[in-house]
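A short reminder: the numbers here are calculations on the coordinates, not readings from a lab. In this text, all values refer to a predicted model and were calculated from it rather than measured experimentally. In this analysis, Cβ positions are derived from the backbone assuming ideal geometry, glycine residues included, and neighbour counts consider all displayed protein chains.
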Amino acid sequence: RVHVTTHKRGVGWSCGAPRSILVYRVPPSVVAALASPDVSVRIETVANLAKSPEKARAILAAIAIDDSAPLVARIWAMLGIAQVGDEDGGVAVQALVSVLDASPAVLRRCAIETLGHLKIESSVAKVAEHLADDEPVPEAWFEDASTPAQAARQALTTIGTPAAMAALEGNVAR
């Protein structure tokens, strides 16, 4: 199991034994770039991070779960995770699952969409918890105003496992 921790030196995760902890410092310049009003700066930042996927996952995961980071930086961190990918149970996936409990609906929606895009089977139960999450997301964030519930239905369809389909069928039956 992977455990994500953030601390003054950066973000770290461990895979079992404490000696396997890897730590990357989250440069404030990366957070600032992901929060830039200039979308081309955000795109370039994600592209540069993607050149080193393992390090990118750690940095993007830390930003995604950081309640003190600007909202736009957290969203772009999740967009970056969608680009670099992660395996089921990886540090970035654990961060995305953690964000499902975030207060802003836009963060929940983005985490759900990213988990669906990555087809993370272990997230089915947590994503399914949002099938009734109809809190609106302002259109300013996306091209549409879909809710976390709509994102959850799409994510479960994309994941497509029997468990995902059962969760969707169970929701329709209600």
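Things to note:
- Estimated FRET transfer efficiency when R0 is 25 angstrom, pair N48-S146 (beta carbons, to 0.05): 0.25
- Summed residue charge, Cβ within 12 Å of L49's Cβ, Lys/Arg positive, Asp/Glu negative: +2
- Other residues within the sphere of radius under 12 Å centred on the Cβ of A102, judged by their own Cβ, net out at -2 (K and R +1, D and E -1).
- For the stretch 122-138, putting each phi into the Karplus relation 6.51 cos²θ - 1.76 cosθ + 1.60 with θ = phi - 60° gives couplings of 5, 8, 3, 4, 5, 5, 4, 4, 9, 5, 10, 7, 9, 5, x, 10, x Hz, in residue order, rounded to whole numbers and with x for Gly and Pro.
- Per-residue ³J(HN,Hα) for the stretch 76-83, Karplus 6.51 cos²θ - 1.76 cosθ + 1.60, θ = phi - 60°, Hz, x for Gly and Pro: 5, 5, 5, 4, x, 4, 4, 6
- Phi angles across the stretch 151-164 convert, under the Karplus curve 6.51 cos²θ - 1.76 cosθ + 1.60 with θ = phi - 60°, into 3J(HN,Hα) values of 5, 5, 4, 5, 4, 5, 5, 5, 4, x, 6, x, 5, 5 Hz, Gly and Pro given as x.
- Cβ-derived FRET efficiency at R0 22 Å, S103 paired with D38, nearest 0.05: 0.25
- Gain in span if fully extended, T158 to E87, counting 0.36 nm per residue against the direct Cα distance: 24.0 nm
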